[in-house]
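Q: One structure coming up, written as structure tokens, with questions to follow.
The values are calculated or read from the model by the stated rules, or taken from the named source; none is laboratory data. Computed from a predicted structure; not experimentally measured. Glycine gets a Cβ as well: all are built from the backbone with ideal geometry, and neighbour counts include every protein chain shown.
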Amino acid sequence: MPVPVPRQRAIPAVESGQAQAAPLGGGTSKDSLGAAPREEAKAGNTKDQVENHTAHANLTLLLIEDDPGGSPIVPDLLDQAGKPIRVRTARNLTEAERLLTDDVHCILLDLALPAPGRAGDGDDDELAVLKHVLKLAPRHAVLALTASGDAERGAEAVRVGAQDYLFRDELDGRLLSRAIRYAVERKRSDTAERRLAEGRMRAQENRRLERGLLPTPLLEGSSLRFAARYRPGRSRALLGGDFYDVVRTQDGTVHAMIGDVCGHGPDEAALGVELRIAWRALTLAGLCGDQLLGTLQQVLEHERADDEIFATLCTVDIAPDGRRAGLCLAGHPSPLLVRPGRPARLLPYDNNGPALGLLPGARWPRMQVELGAEWSLMLYTDGLIEGRVGEGRERLGQDGMVEMVRRQLSEGLRGEALLRAAVNEVRDLNGGELTDDVAVLLLDRAG
């Protein structure tokens, strides 16, 4: 039965009679690895302590060999800068684990060493000791040491996970020093490649998840045309705190909604998705106006992470004949109405109620709006109107947006092209990417 392995701790190399150990946890000694910053060390981030090397740190080698004292197989070693490579020695895997501290860069392992539990159990795996060490030290470079001429076993060791293999009888200082440097750099490269691949995979999964959370309008049976543009303010994100949706209920009424959760992080984006899904469910269940917004406020109050978080909202319910609509505003900018032969204008917002989550027991009046036979209705979030105009402090504002849309309409832009031009012009006026989320949706009815 193998000896129980004690918990890993920092052991100075002088205990093995080889060299002085470097201080851990971000020490400034010239012999240290250049470990992670103190804040990460306090958090127990030993992974970065192993991998964040400095250019001036001495390399440290852990030799695991059954009789290192009787066979001096490791000569004096120098790194690329001419500094001595420190060597620690271990006679077995139990001692090796005790000496495997954060300042070790590379392990030189004798493949002839027996693996724990191997004796007498019928295990004929010649690389069992290597597999044990790779499991014990997954972030360290490993060199396999085998008998001269046993290239097949060495190649198999590389296939299993070692960075390289060496022949015991052909070692010299120059060869071993070069092999150690190569193994360390190859391990760093492999680790960076793996992290890059994992990062790409996570990014792809996040994009698929966020894309799946964007709404699919339910307008089957309606003559209205729908278009939308969405641009999150967070870098590399597909989803922000803005949200929108459009559904048609069984009576033929088309319901549209757009909203904005204060803030720009992933928590706000998640809350926006929850509110959108809740709005769709409540709308399909027959709720409308003040009753719907009151229920949504309850959802927000239960789901938000902080009592300071609120959300603005604009809801529109368009009658089955398409000529009139009900409008409810909860601290949100009023929609823009476009009709043939008339200048684009904002719908009335005198009865604008408070944003959701600000006032318990608030009410949101529903205003009746006449649309006419042919119209376009644009709903948007404040990211479209709060961008700067030029290098000063001036904002585009609602009036600036109305004038911009009027001009774009006069140029013949409609539907998707109109929304794309509006968002792009707002970004250009801002002098670069907008920091706030932007969502815009457009409903059109032909006469």
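Yes or no, residue by residue, for (1) surrounded by fewer than 20 Cβ atoms within 10 Å (Cβ to Cβ); (2) of a type in the set (S, T, N, Q):
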{"residue": "GLU274", "(1), (2)": "yes, no"}
{"residue": "TRP279", "(1), (2)": "no, no"}
{"residue": "CYS288", "(1), (2)": "yes, no"}
{"residue": "THR295", "(1), (2)": "yes, yes"}
{"residue": "GLN298", "(1), (2)": "yes, yes"}
{"residue": "CYS328", "(1), (2)": "no, no"}
{"residue": "VAL338", "(1), (2)": "no, no"}
{"residue": "LEU359", "(1), (2)": "yes, no"}
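Q: When you scan region 308-325, do you find a residue that is farther than 29 Å from SER222 by Cα and among the aromatic types (Phe, Trp, Tyr), even just one?
A: Yes, that holds for at least one residue.
Q: If a residue counts only when it is assigned by TED's automatic domain parsing to the domain that holds THR381 and within 15 Å of ASP290 (Cα to Cα), which strands (runs of 3 or more DSSP E) contained entirely in region 301-353 have at least 2 such residues?
A: Of the strands (runs of 3 or more DSSP E) lying wholly inside region 301-353, those with at least 2 residues that are assigned by TED's automatic domain parsing to the domain that holds THR381 and within 15 Å of ASP290 (Cα to Cα) span 311-318, 324-330.
Q: Let me ask another. So how many residues does region 221-237 have that are in a loop (DSSP other than H, G, I, E, B) and under 15 Å from VAL440 (Cα atoms)?
A: 2
Q: Hey, could you check region 243-292 for residues that are β-branched (Val, Ile, Thr) and within 34 Å of the chain's Cα centre (by Cα) and say which is modelled with the lowest pLDDT?
A: Here the residue is VAL273.
Q: Whether any residue in region 245-266 is part of a helix (DSSP H, G or I), touching a helix residue (DSSP H, G or I) at 6+ places or on another chain (Cβ under 7 Å), closer than 19 Å to ASP436 by Cα and of a type in the set (Val, Ile, Thr) is what I want to check.
A: No: region 245-266 contains no residue that is part of a helix (DSSP H, G or I), touching a helix residue (DSSP H, G or I) at 6+ places or on another chain (Cβ under 7 Å), closer than 19 Å to ASP436 by Cα and of a type in the set (Val, Ile, Thr).
Q: If I filter region 61-83 for residues that are farther than 18 Å from TYR165 by Cβ, under 38 Å from the mean Cα position of the chain (by Cα), at pLDDT 85 or above and among the aliphatic types (A, V, I, L, M), do I get at least one hit?
A: no
Q: Turning to a different aspect of this structure: So which residues in region 354-372 are under 30 Å from LEU271 (Cβ atoms) and in a loop (DSSP other than H, G, I, E, B)?
A: Hits for region 354-372 are PRO354, ALA355, GLY357, LEU358, LEU359, PRO360, GLY361, ALA362, ARG363, TRP364, PRO365, ARG366.
Q: For region 89-101, state whether one or more residues are part of a loop (DSSP other than H, G, I, E, B) and at pLDDT below 80.
A: no
Yes or no, residue by residue, for (1) touching a strand residue (DSSP E or B) at 6+ places or on another chain (Cβ under 9 Å); (2) at pLDDT 85 or above; (3) part of a helix (DSSP H, G or I); (4) not charged (D, E, K, R):
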| site | (1), (2), (3), (4) |
| --- | --- |
| GLY117 | no, no, no, yes |
| GLY120 | no, no, no, yes |
| ASP124 | no, no, no, no |
| HIS132 | no, yes, yes, yes |
| ALA144 | yes, yes, no, yes |
| VAL158 | yes, yes, yes, yes |
| LEU166 | yes, yes, no, yes |
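Q: Specify which of the listed residues (ALA305, ALA270, ALA319, ALA311) is in contact with an Asp or Glu (Cβ under 8 Å, 6 or more places away or on another chain) and surrounded by fewer than 17 Cβ atoms within 10 Å (Cβ to Cβ).
A: ALA305
Q: Here's a follow-up. Here is a check on your reading of the model: is THR283 in a strand (DSSP E or B) and of a type outside the set (Gly, Ala, Ser)?
A: no
Q: Considering only residues that are over 34 Å from the mean Cα position of the chain (by Cα) and buried (at least 18 other Cβ atoms within 10 Å of the Cβ), which ones fall in region 172-193?
A: Correct list: LEU176, SER177, ALA179, ILE180.
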